[in-house]
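The values are calculated or read from the model by the stated rules, or taken from the named source; none is laboratory data. From a predicted model like this one, the values you see are computed outputs, not experimental measurements. Note that we place each Cβ from the backbone using ideal geometry, even for glycine, and neighbour counts take in every protein chain shown. Ligands, DNA and RNA are stripped out before the accessible areas are found, and what is left, the full protein with its side chains, is counted by its heavy atoms. Shrake-Rupley method; radii C 1.70, N 1.55, O 1.52, S 1.80 Å.
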Amino acid sequence: MISLKNMNVLAIAILLLSCVSIASASVDEDVVSEIASDYYDVYGSPHLVANLACDEVFERGEEATLYVNILNDGKITGFEANEDDIEDDLEEYGETLTRTYMASELSSDRAITTADSMTATLSLVDPNAPIDIQEDTLLLGSLSSGKSLSTPAKFPIEIYDNAKAGTYDLRLNISYRSQRDSAVTPPYGDTYYWYEDMNQSMILHVVVEEEPYFKISNVESDLKAGDEKTINVTYTNTGEQVARECIARISVVDPFTTTDDQSYLGDMNPGESKTATFDVNVAEDATIKNYSISSEIKYKDVHDESQYSDNLKVPVDVSAAEKMNASVAVGFVVLVGIIGTPVYLIKKKKKNN
């Protein structure tokens, strides 16, 4: 026999269940507890672990992708039966129905270790770190306990050209929704769920490896249209390792040509500078402006393997060819006349004799 009070409660339950059977943490739980039996309190939560599924070592100037594997190793740490709710429902709804709903709730309570609606955000611990995270936010879906992502999360990054060798920390923050509790409502067996928003942060490490690194520290040139001259280019090894058997090379395009595009520099220790000399020809019809000549350094690393530096731009200015002004031209004519007239007269006299 269902009491009048229970009939009223049941009427409220039917109305609520016709709308939704999911309750958030913001819903008044005291109201829901009047219509839902919570047989168990289960304890536990998701726990996410992240690690790189790729090499953590990168070169300066490298564009790469960080592959991040995420595992949920959350565990249920215990549970407690709510004896009052169980006894009330055993008395009111009977053994079979109540035990069925108890088993159903216990099964749904196990989902408290699942991380739902995960959003991963990657950021720099030090905002001045020489790394550009080109895509910092990813939607990852849900992850149940004991599972890892089917494919690693992908974050494209770029290491700055001027990065110093060393280890840099990245913060991976994952926000997600976690089921906190569930409750079954007899006699229909509809289930209510309570969720809460959670965050978890982990640190990933990226290493910029030690290596030679070159920059152009000085250029000496005085090029004019139509010139055939040398330019002096000073290279500096700003890296952390010695570069052996260095050869500087330039690659020219119109309006430049060269028959001497290489210069041997030898070994260059960290911090050491050496100057290369190149012969450059400038076309007579060259446009008067600033140019950049491509150059690079071929060298052997500490493992005796041949390597090439990044493309290094050599800035040069091409100015107009000098023209003889009027006064200089008149002086030149007079000088020719002074020197040439006596010579002409002497030759003529010799001819007459």
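General observations
- Per-residue SASA entry for F256, accessible area with 1.4 Å probe, Å² rounded to 10: 10 Å²
- Too-long pairs where the Cα-Cα distance tops 20 Å, listed order kept, from K229/K298; K164/K215; K75/K147; K75/K154: K229/K298; K75/K154
- Segments 266-277, 170-181 sorted - mean Cβ within 10 Å per residue, highest first: 170-181, 266-277
- In Hz, Karplus ³J(HN,Hα) per residue of the stretch 52-69 (6.51, -1.76, 1.60; θ = phi - 60°; x = Gly, Pro): 6, 9, 8, 5, 8, 9, 9, 9, 4, x, 7, 9, 8, 10, 7, 9, 10, 8
- Under-5 Å amide H pairs with Y213, H placed in peptide plane, nonlocal only: T238, G239, E240, Q241
- HN-Hα J in Hz across the stretch 304-313 - Karplus 6.51, -1.76, 1.60, θ = phi - 60°, x for Gly and Pro: 6, 9, 6, 9, 10, 6, 5, 5, 10, 8
- Under-5 Å amide H pairs with L124, H placed in peptide plane, nonlocal only: R171
- Ranked order, K298, K154 - accessible area, probe 1.4 Å, largest first: K154, K298
- For the stretch 269-283, putting each phi into the Karplus relation 6.51 cos²θ - 1.76 cosθ + 1.60 with θ = phi - 60° gives couplings of 7, x, x, 8, 10, 9, 10, 9, 10, 10, 8, 10, 9, 10, 4 Hz, in residue order, rounded to whole numbers and with x for Gly and Pro.
- Positive-end residue, the stretch 134-207 charge dipole about Cα centroid, Cβ charges, pick of L172, Y192, T151: T151
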